[in-house]
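Below you'll find the structure, written out as structure tokens, and then a few comments.
The values are calculated or read from the model by the stated rules, or taken from the named source; none is laboratory data. In this text, all values refer to a predicted model and were calculated from it rather than measured experimentally. Every residue, glycine as well, gets a Cβ built from its backbone with ideal geometry; the counts of neighbours run over all protein chains shown. Note: accessible area is taken over every heavy atom of the protein model, side chains too, but ligands, DNA and RNA are not part of it. Shrake-Rupley method; radii C 1.70, N 1.55, O 1.52, S 1.80 Å.
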Amino acid sequence: MAYPQTRMRRLRATAGLRGLVRETDLRAGQLVLPLFVAEADARIDASSVAESDIALPGLARLSISAAVDCAREAAELGLGGVLLFGVPAHKDPEGSGAYDDEGVVQLTTRAIKQALPGGPLVIADVCLCEYTDHGHCGVLRDAESHPSTGFMPGGPTIDNDASVELLARVAVSHARAGADIVAPSDMMDGRVGAIRGALDEEGFTDTPILAYSAKFASAFYGPFRDAAGSTPAFGDRRAYQLDPANGREAVREALLDVQEGADMVMVKPALAYGDLIRAVKRATRLPVAAYNVSGEYAMVKAAAAAGHLDERAAVLEILTSLRRAGAETIISYHALDAARWLAQAPDAPVRGSTA
Ligand code: PBG
């Protein structure tokens with residue numbers, strides 16, 4: 001039957017009817033808040049992070065105690081977890097701060113676990129880029145000796161297998177500190193298998209791996225790199241992160257991570273990649289996380305500050321769309337605000353063009 005017997009608007013008439021037939025739910029427990037924790041002499045205040053007129057409070061560098069406070073707030077609002085990134089005071093070619101048992105993320109993990117035993121899950125990002133002096137996600141070797149893998153003509157390359165060994169050490173160090181989940185974001189080949197093997201060998205058989213499986217070489221990571229101090233000193237990340245044009249390759253990456261023992265897979269960025277959230281979910285049947293990245297956060301903040309968007313409505317629409325695409329978990333710098341808005345008035349009217 002079609003119109004006039006069928007009238008789609010019947011079920012849209014009231015908040016009660018809309019709520020009854022809503023297909024997608026959004027709960028605070030599905031959200032994860034990224035936190036940047038800086039060693040004392042690497043700390044700078046929030047206002048200098050953005051280096052622009054746009055305030056990006058979600059990207060401030062925190063002290064360990066400020067990170068514990070944020071985690072407490074996350075717990076009070078019912079967030080699923082926090083995702084920790086470290087900003088070390090000292091960097092070196094191997095990124096050794098990343099696998100230091102007394103490193104900033106390890107210390108923060110212990111502090112959060114101690115202060116909030118029933119608190120949000122602590123997810124530790126596993127990567128080297130914040131800890132290497134060159135800012136790449138692995139260790140370098142000369143292009144001369146391995147010209148075929150060069151990502152800069154004549155320049156150095158990332159040594160995949162040497163990097164994987166270090167990444168496994170990073171993951172074990174996080175597990176030892178008490179991280180609930182480890183999340184490798186480096187995009188080296190074979191790292192999930194190596195991390196699983198190393199964790200199991202050290203007795204961390206129950207520590208899950210959330211693999212950044214489909215992580216693209218994206219233009220939307222800029223504010224993160226400012227906050228984390230992880231902009232590559234030369235070249236870019238296209239020799240290890242995915243080409244935004246390649247969907248099938250992204251699914252293949254995710255399937256390989258499943259074979260290597262990933263417990264959850266991630267698609268990153270999120271907004272322009274809804275097709276892949278769906279495709280990766282279908283192909284892997286694993287829980288999928290979507291990372292609503294820093295540039296996506298900055299766009300909403302900038303548009304809201306300029307009066308172009310109703311921030312609350314835009315954020316909830318974005319997060320709901322990622323759930324609709326198929327993500328169980330959403331990592332977002334809006335997580336605290338979103339949780340507050342969900343608690344207050346999830347179906348409040350929208351100010352702006354759609355009101
Ligand atoms: C590090 C890492 C990055 C992000 C998360 N982990 C940056 C990058 O790959 O350059 C980006 C997150 C964001 O932009 O919010 N490997």
Next item on the list: Could you please give the count of residues in region 266-276 that are within 15 Å of the ligand (Cβ to nearest atom) and in contact with a Ser or Thr (Cβ under 7 Å, 6 or more places away or on another chain)?
Entry: 2
Notebook entry, point to check: Here is a list of conditions, (1) aliphatic (A, V, I, L, M); (2) within 16 Å of the ligand (Cβ to nearest atom); (3) open to solvent by 10 Å² or more (accessible area, probe 1.4 Å); (4) at pLDDT 95 or above, and Leu56 meets all of them except one; can you say which number that is?
Noted result: (4)
Next item on the list: Within region 193-204, identify whether any single residue is modelled with pLDDT of 95 or more, in a helix (DSSP H, G or I) and within 14 Å of the ligand (Cβ to nearest atom), and answer yes or no.
Entry: no
Note to self: Checking the structure you have, find out if any residue of region 280-293 is closer than 19 Å to Phe224 by Cβ, within 15 Å of the ligand (Cβ to nearest atom), open to solvent by 10 Å² or more (accessible area, probe 1.4 Å) and in contact with a Leu (Cβ under 9 Å, 6 or more places away or on another chain).
What the structure shows: no
Item checked: helices (runs of 4 or more DSSP H) wholly inside region 246-355 containing at least 1 residues that are within 18 Å of Lys215 (Cα to Cα) and touching a residue at least 12 places away in the same chain (Cβ under 8 Å) -> 247-260, 274-284, 294-305, 311-325
Next item on the list: For region 211-228, enumerate the residues that are within 11 Å of the ligand (Cβ to nearest atom) and either in a loop (DSSP other than H, G, I, E, B) or under 21 Å from Ala327 (Cα atoms) (or both).
Entry: Tyr212, Lys215, Phe216, Ala217, Ser218, Phe220, Tyr221
Margin query: Can you tell me how many residues within region 94-121 are surrounded by fewer than 24 Cβ atoms within 10 Å (Cβ to Cβ) and outside any helix (DSSP H, G or I)?
Written below: 10
Notebook entry, point to check: Just to be sure, is Pro287 under 24 Å from Asp206 (Cβ atoms) and not basic (Lys, Arg)?
Noted result: yes
